[in-house]
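Chemist: The structure's right below; bear with me while I get my questions together.
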Amino acid sequence: MDSLNIVSGGMPTEDQWQIEVLGANGNWEKVSSSARASARGPTMAARALSSLALKKFGFDYVIVNREDELGRDILDRTAEWNMELMTRVNDAAILRMR
């Protein structure tokens with residue numbers, strides 16, 4: 001195995017996970033000792049699907065904080081989130097779902 005992608009809601013550290021593979025000899029071997037964790041933001045499709053889910057649950061408006069990573073992403077890419085900025089006060093913003 002050259003690589004393995006794990007999709008997670010959070011960013012685990014190496015001590016929070018362990019990856020083992022079953023070798024040809026029938027023994028399980030730990031392979032996470034050289035693991036590298038990296039983060040990648042949501043894709044355009046994930047943004048659109050997330051906002052669609054919010055809309056289905058009845059949300060018409062959301063409040064985000066620019067200090068938060070998700071809030072920054074929403075404010076930087078409102079069109080991809082299918083939202084429209086209504087107002088902003090300091091680091092908080094109210095957006096309308098389209």
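What follows is calculated from the coordinates using simple rules that are stated; it is not laboratory data. The shown structure was predicted, so the numbers you read here are calculated from the model rather than taken from an experiment. Note: ideal-geometry Cβ built from the backbone for every residue, glycine included; neighbour counts use all protein chains shown.
Chemist: Where does each of 45-54, 69-78, 85-94, 20-29 land if you order them by average Cβ count within 10 Å, highest first?
Modeler: Result, highest mean first: 69-78, 45-54, 85-94, 20-29.
Chemist: Give me the one-decimal Kirkwood hydrodynamic radius in Å for region 44-97, with the sum taken over alpha-carbon pairs.
Modeler: 10.9
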